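The values are calculated or read from the model by the stated rules, or taken from the named source; none is laboratory data. All figures in this text were calculated on a predicted structure; none of them were measured in a lab. Methodologically, a virtual Cβ is constructed for each residue, glycine included, from the backbone with ideal geometry; neighbour enumeration extends over all protein chains shown. Each accessible area value is taken on the protein alone, full model and side chains, heavy atoms only, with ligands, DNA and RNA left out. Shrake-Rupley method; radii C 1.70, N 1.55, O 1.52, S 1.80 Å.
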Amino acid sequence: DKGNSWKNVTLDLPVENVKKIQIAASNNNIVYAATTVGILKSIDNGATWKFTNLNMLEQLIAKGGPRWSDDNTLLSVSPTNPNVVIASNTDTVYKTIDGGISWKPILEGFNTQFIEFHPGKENIIYIGGAYKKNRNLFFIYRSTNAGNSFEEITAGMPDKNKLVRLHDITAAVTPAAPDNLYVTIFGEASVKTTVKEEVKKQMVGTFIEST
């Protein structure tokens, strides 16, 4: 009812935080949610939820067991097929083609900060983030074969080697202009001050558009 009333539908789930929720564009009864302990799925427009097979429920039994990173738990649903989802946990990107029954790793050792399907083409996927071994260098990738391989698309962007700390990369796409990709990058860099021209660490950010 457009937000006039709300009902909690996850009281029986061991979820502390939800990073992203996405309704399948091709079937609005199907909704996915990326959470602290796995990828949830609803097939009744959010009335009830179950975990897909990308979760950490077994590890939760052990005290002090591993947990997913809130910052790197994300997902994106294909614009044309509700069973095709790209999702990430702490340092691995996965793909399912059967609605979450099985998942295949497609990018490992990568701390993902955004995942976006092209609004009209299932074969094109954008992913951004940083590798676990070097969290200061940002990478933005594009796949044109539905995630089988990725190419870096950072030509023309600010020099990532000047960052001493990467904070956030976010991105958005829109069906209104399907070939457009909007990206923001925010971090800390060594920059010369304007008065004394001393090199100091300062917060920097940029908004970039690709058409």
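Can you give the helix-only mean residue ellipticity at 222 nm for the chain, where every DSSP H stretch with n ≥ 4 adds -39500 (n - 2.57) and the sum goes over all residues, rounded to the nearest 500 deg cm²/dmol?
So the helix-based figure for the chain works out to -500 deg cm²/dmol.
Where does each of GLU151, GLU16 land when they are ordered by accessible area, with a 1.4 Å probe and the largest first?
Highest to lowest solvent-accessible surface, that is GLU16, GLU151.
Would you mind working out the accessible area per residue for the chain, using a 1.4 Å probe, and quoting it in Å²?
56
Pop out the ³J(HN,Hα) list for region 131-145 in order, Karplus 6.51 cos²θ - 1.76 cosθ + 1.60 with θ = phi - 60°, rounded to Hz; leave Gly and Pro as x.
6, 4, 6, 8, 7, 8, 8, 8, 10, 10, 10, 10, 10, 10, 10
Given Cα positions, please report Rg to Rh for the chain, the hydrodynamic radius being the Kirkwood one.
Here Rg/Rh amounts to 1.01.
Given region 88-211, what whole percent of its Cα pairs are spread farther than 23 Å?
37
In debye to the nearest 20, how big a dipole does the chain give about its Cα centre with +1 on each Lys and Arg Cβ and -1 on each Asp and Glu Cβ?
Here the chain has a charge dipole of around 440 debye.
Out of region 1-59, which chymotrypsin sites (Phe, Trp or Tyr not before Pro) are coil in DSSP terms and have no more than 13 other C-beta atoms within 10 Å?
Sparse-neighbourhood loop chymotrypsin sites (Phe, Trp or Tyr not before Pro): TRP6.
State which entries of LYS50/LYS104; LYS19/LYS192; LYS104/LYS162; LYS20/LYS95 exceed 26 angstrom in Cα-Cα distance in the structure shown.
The answer is LYS19/LYS192; LYS104/LYS162.
Magnitude of the Cβ-charge dipole of region 111-188, K/R +1 and D/E -1, about the Cα centre, nearest 20 debye?
Rounded to the nearest 20 debye, it is 320 debye.
Take the alpha carbon atoms of region 155-189, find their center, do the same for region 74-98, and report the distance between the two centers in whole angstrom.
Each part reduced to its Cα centre gives a spacing of 21 Å.
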